[in-house]
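Single-structure report; data block below.
The values are calculated or read from the model by the stated rules, or taken from the named source; none is laboratory data. It should be emphasised that the depicted structure is a prediction, and the values quoted were computed from it without experimental measurement. Neighbour counts run over all protein chains shown; Cβ positions are idealised from the backbone, glycine included.
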């Protein structure tokens, strides 16, 4: 009995010792695994630290909204190095917040673009500033903000409205023109109609509102047509269907129309459009134009937008970056509405100290409306780049390269 107990006690001691050795063996392997994981983690951290974490403003580009002259776009190209997480991008003008947005950064995505459309409460004589909030582990935040001024300004279309006789149409027109307009109309008391200032100002659109109420002289019409041609103005005439055919007859060729009598004029109800080269015109014939119906309102606004869309407006770009250096390629891109509808190559001339130092090609894509290319400079300094379509200057880009 004693022998049996001793035997069992010996087996228990053996099992305990074996278990302890096994546990220590597992613990050793686990510790080695943890050490290896820690080593890999430290290597990753060291690698990240060596590469650095940085978010910077690469370029700021300003260009017009082709569908609305009352607004412009300000785009920011952001360079992200190993940054990950949310950052705030803010646009200010004269220290007043104009627009802001939140962007999520990923380590595997180095270039991010943010676009702001602005239209109101802008002082172009004051500085704009783009700023990006700092991200974790970012040490250099001096390149997180960039100040600039724009040579491209928002300018509302200039419109002249000549009202021959105040009518129900007039308020409809005034309420639906988003423009700087001058309204010329007869004095309600004595009927005097003074349009002296009209002849000495330029307008993008001239609207003849129930005008003329009687046939104009050949001399007046000749002077009017000369003004339209020299000012590159477009024309809208609205009239009711009871309008005297004789009073409109001499204006009809301006709308590409050849009508013989009042019956043909009345058959031409609604909105007509005519364009030749850069000139555009629209004749509106309806008896219910004053009704604020959805169709009339939409047609009138679309007519104005159609006239302004392809107007002969000069577009320019501002491009700048404190990070542009000669050791990397600079991306150039822009928009212009004076090109053909086909994909084509454009040419660019690079000037330095008023001398052409290089020519290169750009690709224009009419689907997006942008042209783009990359170019690398060999010296520091200030450069002027002219974008050409044949012999026609399309855009001008200023680039400053820093050491």
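Things worth noting here:
- Residues of region 210-256 satisfying the condition of being assigned to a loop (DSSP other than H, G, I, E, B), surrounded by 15 or more Cβ atoms within 10 Å (Cβ to Cβ) and in contact with a strand residue (DSSP E or B) (Cβ under 7 Å, 6 or more places away or on another chain): 210, 211, 233, 251
- Any hit, region 126-149, residues being touching a residue at least 24 places away in the same chain (Cβ under 8 Å), within 17 Å of residue 70 (Cα to Cα) and either in the same structural domain as residue 89 (by TED's automatic domain parsing) or in contact with a strand residue (DSSP E or B) (Cβ under 8 Å, 6 or more places away or on another chain) (or both): no
- Every listed requirement among (1) closer than 18 Å to residue 281 by Cα; (2) in contact with a helix residue (DSSP H, G or I) (Cβ under 6 Å, 6 or more places away or on another chain); (3) modelled with pLDDT of 85 or more is met by residue 184 save one, (1).
- Of the numbered criteria (1) part of a loop (DSSP other than H, G, I, E, B); (2) at pLDDT below 80; (3) more than 20 Å from the chain's Cα centre (by Cα), the one residue 138 fails is (2).
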